Amino acid sequence: MATPVTNIADLRELARKRVPRAFFEYADRGSYDESTLRENRRAFERIRFRQRVMSNVDNRSLATTVLGQPLSMPLAIAPTGLTGLQHGSGEIHGARAAAKAGIPFCLSTMSICSIEQVHAASDTPFWFQIYVMRDRGFTRELIRRARAAECSALMLTADLTVQGQRHREIKNGLSVPPKITLRNLFDIASKPRWAWNVLRAPSRSFGNLDGKVQGADSLTTLAQWIASQFDPTLNWDDLAWIRDLWPGKLIIKGILDADDAKLAVQHGVDAIVVSNHGGRQLDGAPAAIDVLPSIIDAVAGGTEVLLDSGITSGQDLLKALALGARAGLIGKAFLYGLGAHGEAGVTQAIELIRKELSTTMALTGALDASRVTSDILWKG
């Protein structure tokens, strides 16, 4: 009899057993000594709730809006690279599960399934995340393709123009598409379900880059390829030509400093994502949740603020809402569900967080997820 899945940690353990090590650790681990990765978890654990009792909490609402879009709960699926190598057609499964749950899904530039493949497989508009390439012409083409696919928002990731070293990617010899080597032969052979799902998928390489960018389908390591293709000259002035190409909602992800948040407001972005890239970039940076209050103060209502990096439960999400975030994004939690059970696992991850959020709201006396304040946090 299978052990019941009761939290995201259970899904992580299942994914660890079912996904080849190189791809599981790509999703699971961080950069350098992983101090920021660990700090994301510790920071959430330091925050305590104020328990309230004898208050009618029967009619609770989790509904909210982000960028004018009604959501069933204040949650979105973050853009994650190589998603289709956690489970075949992973991006399609993620988009469908998010649509069923009434929350946004954001597709990464570094996805395995392309913009067009996800658009064809999902009836619900999704967000698209973009990295700016050295080949600005190709970046413009990506934005054009996102418009053609009727994406409802464009998310510019600002904190990965130069990649922080992730030791496990190098040690595991991470390659895309997957290559059978003596090092990984047994690992892949012991996971036939994963291999079958990947082989049946419409893409096993970078779908958005296929045939467009030199070396995208034959990289030695992901880090080497990023170093050769991503544009480290990206700056605030570049928002002008991006805005010319993209008339819709624009989000900047990777804000971790109040001064940068103010600049984002000055440049008229529709939302920012407070994020340290899940502890995968600047090691030694603070936890995203720790800088959230200062960023909320800095933007002073001038843009919507979302929080990414470290959310693995409904309790984490409620803490982010209490400190001023409009919604949270999940990356690792999404990938654990996907690796564990495919689309059903993504749904399971979302619903675990939904139930935890609702229960914790009740126990803190909160009735409306869109109106939560820091009053529900313990300040002793």
Q. How far is the Cα center of region 116-148 from the Cα center of region 162-183, in Å?
A. 26 Å
Q.
Need the list of lysines near Lys249 for cross-linking: C-alpha distance under 23 angstrom, and skip anything on the same chain fewer than eight residues off.
A. Lys100, Lys262
Q. When the Cα centres of region 344-369 and region 23-69 are compared, how far apart do they sit, in Å?
A. 11 Å
Q. In terms of modelled amide H atoms, which long-range or inter-chain residues lie less than 5 Å from the amide H of Gly328?
A. Leu75, Ala76, Leu307
(Q) Show me, for region 91-103, the HN-Hα J-couplings you get by feeding each phi into the Karplus relation (A = 6.51, B = -1.76, C = 1.60, θ = phi - 60°), rounded to Hz, glycine and proline as x. (A) 5, 5, 4, x, 5, 5, 5, 5, 4, 5, 7, x, 10
Q: Report Arg29's accessible area, 1.4 Å probe, all protein chains in place, as a number in Å² to the nearest 10.
A: 70 Å²
Q) From the backbone phi of region 297-311, what are the Karplus-calculated ³J(HN,Hα) couplings (6.51 cos²θ - 1.76 cosθ + 1.60, θ = phi - 60°) in whole Hz, Gly and Pro given as x? A) 5, 5, 7, 6, x, x, 7, 6, 10, 10, 10, 10, 4, x, 6
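Under a 1.4 Å probe, what is the accessible area of the chain per residue, stated in Å²?
On the way: 16110 Å² over 380 residues.
It amounts to 42 Å² per residue over the chain.
Ala63 to Thr181: extension gain in nm, 0.36 nm per residue of separation minus the Cα-Cα distance?
Values: separation 118, 0.36 × 118 = 42.48 nm, distance 4.81 nm.
Answer, rounded to one decimal: 37.7 nm.
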Q: Kindly provide the helix-only [θ] at 222 nm of the chain, computed as the sum of -39,500 (n - 2.57) over DSSP H runs of four or more divided by all residues, to the nearest 500 deg cm²/dmol?
A: -12500 deg cm²/dmol
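May I ask you to rank Arg145, Arg243 by accessible area, largest first, using a 1.4 Å probe over the protein chains only? Can you show the working numbers first?
Values: Arg145 20, Arg243 70 Å².
Per-residue accessible area, sorted high to low, gives Arg243, Arg145.
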Q. For region 1-132, which whole-number percentage of the solvent-accessible area (1.4 Å probe, protein heavy atoms only) is attributable to carbon and sulfur atoms?
A. 48 percent
Q.
Show me, for region 29-44, the HN-Hα J-couplings you get by feeding each phi into the Karplus relation (A = 6.51, B = -1.76, C = 1.60, θ = phi - 60°), rounded to Hz, glycine and proline as x.
A. 9, x, 9, 6, 7, 6, 5, 6, 4, 5, 5, 3, 6, 4, 5, 4
Q) Can you pick out the pairs among Lys253/Lys332; Lys191/Lys332; Lys171/Lys332; Lys17/Lys355 whose Cα atoms lie more than 23 Å from each other? A) Lys17/Lys355
Q: In Å³ and rounded to a whole number, note down the convex hull volume per residue for the Cα atoms of region 262-323.
A: 87 Å³
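Roll a 1.4 angstrom probe over the protein heavy atoms and tell me the percent of accessible area of region 304-380 that is carbon or sulfur.
55 percent
Beta carbons within 10 angstrom, averaged per residue: use that to sort the peptides 331-342, 250-261, 167-178, 269-280, highest first. Don't skip to the end; give the middle numbers.
Working: 331-342: 27.6, 250-261: 21.3, 167-178: 17.4, 269-280: 25.4.
Per-residue Cβ counts within 10 Å, averaged per peptide and sorted highest first, yield 331-342, 269-280, 250-261, 167-178.
Mind ranking Thr312, Thr3, Thr157 by accessible surface for me, highest first, 1.4 Å probe? Intermediate values should be presented prior to the final figure.
Working: Thr312 45, Thr3 120, Thr157 5 Å².
Accessible-area ranking of Thr312, Thr3, Thr157, largest first: Thr3, Thr312, Thr157.
The values are calculated or read from the model by the stated rules, or taken from the named source; none is laboratory data. Here the structure is a predicted model, which is why all the values come from computation and not from measurement. Cβ coordinates were reconstructed from backbone atoms using ideal geometry, including for glycine residues, and neighbour counts include every protein chain displayed. Side chains are part of the model used for accessible areas, which takes the heavy atoms of the whole protein and leaves out ligands, DNA and RNA. Shrake-Rupley method; radii C 1.70, N 1.55, O 1.52, S 1.80 Å.
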